[in-house]
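Visitor: First, the structure itself, so that you have it in front of you.
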Amino acid sequence: MNPKQATNGWAEAKPTALLVLADGTVLEGHGLGAEGAQVGEVCFNTAMTGYQEVLTDPSYAGQIVTFTFPHIGNVGVNDEDIETVNMAAVLGARGAVLQADITDPSNYRASRHLDAWLKARGIVAISGIDTRALTSMIREKGMPNGVIAHAADGKFDFDALKKQAREWPGLDGMDLVPTVTTAQRYSWDETPWEWGKGYGREENPEFNVVCIDYGIKRNILRLLAANKCKVTVVPATTSAEDILAMKPDGVFLSNGPGDPAATGEYAVPVIKKLIDSNTPTFGICLGHQMLGLAIGAKTMKMHQGHHGANHPVKDITTGKVEITSMNHGFAVDRDTLPADAEETHVSLFDGSNAGIALKSRPAFSVQYHPEASPGPRDSRYLFERFVGLMKKNKRA
């Protein structure tokens, strides 16, 4: 932290925030956002933009995000870049770790300072951390459990915080979908943001799509609407019978947080019935893992996970390489894929599976986020592939 002048000479400013890791490591810094303490898995995100979308992505539930880009907050926040469907609910990250203090916003779209926004949403944050060193540690040792704490008076119970970090069970085996899924069915027709126009509306949809909400992002819904889809979002525990009664042209399996194997206890039987009905199915992130489990594959916890907006992925079906947005700490184990499934995409960072498709059913999924927000638009063609499956199925 920056030193400050005291009456008797120079002195270090008193830390007002801590990041306490499960191994007892304590990192001191300057508190931002809400006061209090939050426990979660500490990961790092390499995106250079889009911190507001990252912090409001429901897939980050149960996690504390370390931003590798040093200048977070300098463009402020607004009401348009929130990814949770319920804009007032805190359904994303539990905390944020920053290198530099937040400056005053400098962007024509900014309506609020990031610090004030963090306070309003109950997100605890800390600045003044050597995020390069923390990132290197995570890459070497894996994603640790930790507690992020903020107290304006600088008073902390170190032993209690260490105990809380040490005893938190972690995301392995944890089903977090009930904390982020919708409580009731709703419709969606908003389309993506356009320069000078804002968001639009889809008024003449051609396809009826049911989205199972495991923690869905707004931009996924927008891109479905932009591809002529009438979108209905249903809770994660909705039965296959109720979904099929809506006569969907296609079913979408959304992103979400937590351990896919835990969510699969109730999600997999539903997805199996949907696949057997021959309904075109498209999954993203947790939805990809759910599809994998439904066809008999297994998932595994990753060492450091993939979080960022610069991840290269190869589309094996075309040979093309795309730069993608990723946010996951679990992956489908390709060695457990059944004969009826083919690998369609692969991460060029570590070779992990990034996409699958069924040979006998109109179903496919990807591990990454083609809707971006934040991130590049290289992968939006996947929504067109989904539409293509629905067109083909309707003709048949």
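Visitor: Please go through the stretch 298-333 and give me each residue that is charged (D, E, K, R), out of contact with any His (no Cβ under 8 Å at 6 or more places or on another chain) and in contact (Cβ under 8 Å) with a residue 12 or more places away in the chain, ordered by number.
Guide: The first filter runs over the stretch 298-333 and keeps only residues charged (D, E, K, R), leaving 298, 301, 314-315, 320, 322, 333.
When the remaining residues are screened for being out of contact with any His (no Cβ under 8 Å at 6 or more places or on another chain), the result is 298, 301, 320, 322, 333.
Those that are charged (D, E, K, R), out of contact with any His (no Cβ under 8 Å at 6 or more places or on another chain) and in contact (Cβ under 8 Å) with a residue 12 or more places away in the chain: LYS298, LYS301, GLU322, ASP333.
Visitor: Checking PHE69 against (1) at pLDDT 95 or above; (2) over 27 Å from PRO374 (Cα atoms); (3) part of a loop (DSSP other than H, G, I, E, B); (4) of a type in the set (A, V, I, L, M, F, W, C): exactly one of these is not met. Which one?
Guide: So PHE69 meets the others, but not (2).
Visitor: Can you tell me how many residues within the stretch 65-111 are among the charged types (D, E, K, R), surrounded by 14 or more Cβ atoms within 10 Å (Cβ to Cβ) and closer than 24 Å to TRP193 by Cβ?
Guide: So the answer is 2.
Visitor: Take the conditions buried (at least 24 other Cβ atoms within 10 Å of the Cβ), in contact with a Ser or Thr (Cβ under 8 Å, 6 or more places away or on another chain) and either of a type in the set (Gly, Ala, Ser) or not in a helix (DSSP H, G or I) (or both) and apply them to GLY283. Does it pass?
Guide: Yes; evaluated as a whole, the condition is true for this residue.
Visitor: Please verify whether the stretch 244-261 includes one or more residues that are in a helix (DSSP H, G or I), out of contact with any Ser or Thr (no Cβ under 7 Å at 6 or more places or on another chain), in contact (Cβ under 8 Å) with a residue 24 or more places away in the chain and of a type in the set (A, V, I, L, M).
Guide: So in the stretch 244-261, the residues in a helix (DSSP H, G or I) come out as 244-245, 260-261.
Applying the additional criterion that residues be out of contact with any Ser or Thr (no Cβ under 7 Å at 6 or more places or on another chain) yields 245.
So of that shortlist, the ones also in contact (Cβ under 8 Å) with a residue 24 or more places away in the chain come out as none.
No - not one qualifying residue is present in the stretch 244-261.
Visitor: Can you name the residue in the stretch 325-341 that is within 25 Å of the chain's Cα centre (by Cα) and in a strand (DSSP E or B) and, of all such residues, is surrounded by the fewest Cβ atoms within 10 Å (Cβ to Cβ)?
Guide: Across the stretch 325-341, the extreme among qualifying residues is PHE330.
Visitor: A follow-up question, please. When you check HIS30 against the structure, is it part of a strand (DSSP E or B) and over 30 Å from ILE212 (Cβ atoms), yes or no?
Guide: Values: part of a strand (DSSP E or B): yes; over 30 Å from ILE212 (Cβ atoms): yes.
Yes; evaluated as a whole, the condition is true for this residue.
Visitor: Of the numbered conditions (1) surrounded by 20 or more Cβ atoms within 10 Å (Cβ to Cβ); (2) polar (S, T, N, Q); (3) part of a helix (DSSP H, G or I), THR181 fails exactly one; give the number of that condition.
Guide: Result: THR181 fails condition (3) only.
Visitor: Over 24 Å from the mean Cα position of the chain (by Cα), acidic (Asp, Glu) and buried (at least 16 other Cβ atoms within 10 Å of the Cβ): which single residue out of GLU167, GLU190, GLU202 fits that description?
Guide: After ruling out the rest, the residue left standing is GLU202.
Visitor: So LYS359 clears everything in (1) touching a strand residue (DSSP E or B) at 6+ places or on another chain (Cβ under 8 Å); (2) in contact (Cβ under 8 Å) with a residue 24 or more places away in the chain except one condition, right? Which one?
Guide: If we test LYS359 against (1) touching a strand residue (DSSP E or B) at 6+ places or on another chain (Cβ under 8 Å); (2) in contact (Cβ under 8 Å) with a residue 24 or more places away in the chain, just (2) comes out false.
The values are calculated or read from the model by the stated rules, or taken from the named source; none is laboratory data. If you're wondering where the values come from, they're calculated on a predicted model, not measured in any experiment. With ideal geometry, Cβ positions are generated from the backbone for all residues, glycine too; neighbour counts draw on all protein chains shown.
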